[in-house]
Amino acid sequence: MKRIITVLIMLAVILMVSGCDTAKTDGEHQSTEIISLAVQPSSLEMYAGERRTFQLAATLANGEVRDLTSTPDFTYSSSLDNAVIVESGYIQVNDSILEESIEVVFSSNGRRDTLKIKVSSNPITAFQVTEEGRALVNDASRYDVVVNKSLHLTSEYVPENLVIPAVAFPESYQGALEKMHLRDEAATALEKMFTAAKEEGLELYAISGYRSYSLQDRIFQYQIKRHNGSEEEANRISARPGESEHQTGLAMDISAKSVDFKLNQTFADTAEGQWLAENCAEYGFILRYLKGKEAITGYQYEPWHFRYVGVELAEMIMSEETTLEEFFMNLSTQ
Ligand SMILES: [Zn+2]
């Protein structure tokens, strides 16, 4: 009898415990319910073909935050068919998309969040070929425009809002010379960069900025004469008209008193040249023609030539020690 009572008590205990368990499971189920979903970042500016990381986090009823990014626990859809692929923590924009604004909606357990993506075409594929076989860039006014020996500007292109930045120019410059100009945003960035250098005790001088198609033509003809009529030799150091990024109003050649305001490779060894190479990206500029990259850029090393591309792009390019051309060629593998 005693044994039966013990068994009954044990059964009751088991039932109570399992009953508790059931209640606990229900409670747990409720507490692990997703109450909100958040995608980070919530907006992105991306190039067609570009791949970026993102984070998808679910907040549960019990306050816990769960990372869903690399799990199969969510679905997504985009406002434009086949515009993006989301996989293993990356989001990639289809490389055939031109300028477009896309919304990607992430869902899990009925909760949603939206990532807005502003897509720009890749500058190295955004061109049209003329009857003569020249590739003309579609939009020369972009801050990320690529102009080189393959991608050209028209003879008519003159940037809007050219201004003279409030920076030091060599004393020999009298009046408002064409080459003192830059596009306004690049001019403001240049002013900030020169001010920051000055605070470090370095005096930078702006030597040559905007160059019109016709001035570039005159410079190129002069360089041909200097190189005994060799267009090829002249083209190693000077651009053909339409092929110079000085025509964009986004490039400035910079020098220092210690090298007599000259534009040559000794500038790389000066304190000014070194400071610029290290700090230019913070102001949106890149060192455009790197050492050892002549086969890619088409130009020799030019430690004095700085090109404005905006801070975000400049920081990516300078930290990777790459060229503008390679950056856009390798977008899908970054
Ligand atoms: Zn230059």
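Checking the condition under 26 Å from the mean Cα position of the chain (by Cα) and under 22 Å from Gly292 (Cβ atoms), which residue from Glu191, Glu243, Glu233 passes? Spell out the reasoning first.
On the way: Glu191 fails: under 22 Å from Gly292 (Cβ atoms); Glu233 fails: under 26 Å from the mean Cα position of the chain (by Cα).
The conditions single out Glu243.
Residues being acidic (Asp, Glu) and within 12 Å of the ligand (Cβ to nearest atom): count how many of those fall in region 278-290. Spell out how you get there, then give the answer.
We begin by selecting, within region 278-290, every residue acidic (Asp, Glu); these are 278, 282.
Then drop every residue that is not within 12 Å of the ligand (Cβ to nearest atom), which leaves none.
Residues meeting the conditions: 0.
Would you pick out the residues in region 120-154 that are farther than 23 Å from Glu100 by Cβ and charged (D, E, K, R)?
Glu131, Glu132, Arg134, Lys149, listed by residue number.
Out of all the residues in region 247-260, is one or more surrounded by fewer than 20 Cβ atoms within 10 Å (Cβ to Cβ) and closer than 24 Å to Asn161 by Cα? Before the answer, list the steps.
Restricting attention to region 247-260, the residues satisfying the condition of being surrounded by fewer than 20 Cβ atoms within 10 Å (Cβ to Cβ) are 253, 257-260.
With the extra rule that they be closer than 24 Å to Asn161 by Cα, the set shrinks to 253.
Within region 247-260, one or more residues are surrounded by fewer than 20 Cβ atoms within 10 Å (Cβ to Cβ) and closer than 24 Å to Asn161 by Cα.
Go through the residues of region 260-269 one by one and say whether even a single one is assigned to a loop (DSSP other than H, G, I, E, B), of a type in the set (Asp, Glu) and touching a residue at least 40 places away in the same chain (Cβ under 8 Å).
Let us first name the residues in region 260-269 that are assigned to a loop (DSSP other than H, G, I, E, B), namely 260-264.
Checking which are of a type in the set (Asp, Glu) leaves us with 260.
Filter once more, so that each one left must be touching a residue at least 40 places away in the same chain (Cβ under 8 Å): none.
Checked region 260-269: no residue is assigned to a loop (DSSP other than H, G, I, E, B), of a type in the set (Asp, Glu) and touching a residue at least 40 places away in the same chain (Cβ under 8 Å).
Matching residues to (1) within 23 Å of the chain's Cα centre (by Cα); (2) closer than 19 Å to Arg240 by Cα; (3) not small (Gly, Ala, Ser); (4) not assigned by TED's automatic domain parsing to the domain that holds Thr323:
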position: Thr71; (1), (2), (3), (4): no, no, yes, yes
position: Thr75; (1), (2), (3), (4): no, no, yes, yes
position: Asp95; (1), (2), (3), (4): yes, no, yes, yes
position: Ser108; (1), (2), (3), (4): no, no, no, yes
position: Lys116; (1), (2), (3), (4): yes, no, yes, yes
position: Asn148; (1), (2), (3), (4): yes, yes, yes, no
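Can you name the residue in region 280-309 that is surrounded by fewer than 19 Cβ atoms within 10 Å (Cβ to Cβ) and of a type in the set (Gly, Ala, Ser) and, of all such residues, is farthest from Asn264 (Cα to Cα)?
Looking at the filtered set, the residue picked out is Ala295.
Could you please give the count of residues in region 246-266 that are within 13 Å of the ligand (Cβ to nearest atom) and at pLDDT 95 or above?
10
Return the residue satisfying two criteria in turn: it lies in region 98-109 and is surrounded by fewer than 16 Cβ atoms within 10 Å (Cβ to Cβ) and free of Cβ contacts under 8 Å to residues at least 60 places away in the same chain, and of such residues it is nearest to Asp73 (Cα to Cα). Give the derivation first.
Here is the first cut: in region 98-109, the ones surrounded by fewer than 16 Cβ atoms within 10 Å (Cβ to Cβ) are 98-99, 101, 103, 105, 107, 109.
Next, only the ones that are free of Cβ contacts under 8 Å to residues at least 60 places away in the same chain stay: 98-99, 101, 103, 105.
On the way: Leu98: 31, Glu99: 31, Ser101: 26, Glu103: 20, Val105: 14 Å.
Within region 98-109, the match that is nearest to Asp73 (Cα to Cα) is Val105.
Wholly within region 79-181, which strands (runs of 3 or more DSSP E) include no fewer than the required count, namely at least 3 residues that are of a type in the set (A, V, I, L, M)?
Working: elements: 84-87, 90-93, 100-108, 111-120, 127-129, 135-137.
Because the criterion is at least 3 residues that are of a type in the set (A, V, I, L, M), the strands (runs of 3 or more DSSP E) in region 79-181 that meet it are 84-87, 100-108, 111-120, 135-137.
Please find, among Asn235, Asn228, the residue that is in a helix (DSSP H, G or I) and in the same structural domain as Ile207 (by TED's automatic domain parsing). Steps first, answer last, please.
Numbers: Asn228 fails: in a helix (DSSP H, G or I).
Being in a helix (DSSP H, G or I) and in the same structural domain as Ile207 (by TED's automatic domain parsing) holds for just one of Asn235, Asn228, which is Asn235.
For Thr195, work out the one condition from (1) within 11 Å of the ligand (Cβ to nearest atom); (2) of a type in the set (S, T, N, Q); (3) free of Cβ contacts under 8 Å to residues at least 24 places away in the same chain it doesn't fulfil.
Checking Thr195 against (1) within 11 Å of the ligand (Cβ to nearest atom); (2) of a type in the set (S, T, N, Q); (3) free of Cβ contacts under 8 Å to residues at least 24 places away in the same chain, the one that fails is (1).
Are there helices (runs of 4 or more DSSP H) fully within region 291-334 with at least 2 residues that are within 16 Å of the ligand (Cβ to nearest atom), in the same structural domain as Glu272 (by TED's automatic domain parsing) and more than 19 Å from Glu45 (Cβ to Cβ)? List them. Show your work before the answer.
Details: elements: 294-297, 311-319, 324-329.
Answer list for region 291-334: 294-297.
Kindly list the number of the only condition in (1) over 24 Å from Ser238 (Cβ atoms); (2) at pLDDT below 95; (3) not in a loop (DSSP other than H, G, I, E, B) that fails for Leu215.
Going through the list (1) over 24 Å from Ser238 (Cβ atoms); (2) at pLDDT below 95; (3) not in a loop (DSSP other than H, G, I, E, B), Leu215 breaks only (1).
Could you check Thr130 against (1) β-branched (Val, Ile, Thr); (2) closer than 26 Å to Tyr283 by Cα; (3) without any contact (Cβ under 8 Å) to a residue 12 or more places away in the chain and say which number it fails?
(2)
Taking the condition modelled with pLDDT under 95, closer than 24 Å to Asn161 by Cβ, within 15 Å of the ligand (Cβ to nearest atom) and surrounded by 23 or more Cβ atoms within 10 Å (Cβ to Cβ), does Ala239 pass?
Values: modelled with pLDDT under 95: yes; closer than 24 Å to Asn161 by Cβ: yes; within 15 Å of the ligand (Cβ to nearest atom): yes; surrounded by 23 or more Cβ atoms within 10 Å (Cβ to Cβ): yes.
Considered against the rule, which asks whether it is modelled with pLDDT under 95, closer than 24 Å to Asn161 by Cβ, within 15 Å of the ligand (Cβ to nearest atom) and surrounded by 23 or more Cβ atoms within 10 Å (Cβ to Cβ), Ala239 comes out as yes.
The values are calculated or read from the model by the stated rules, or taken from the named source; none is laboratory data. Everything quoted here is computed from the prediction, not taken from an experiment. All Cβ positions, even for glycine, are placed from backbone atoms using ideal geometry, and neighbour counts span all protein chains on display.
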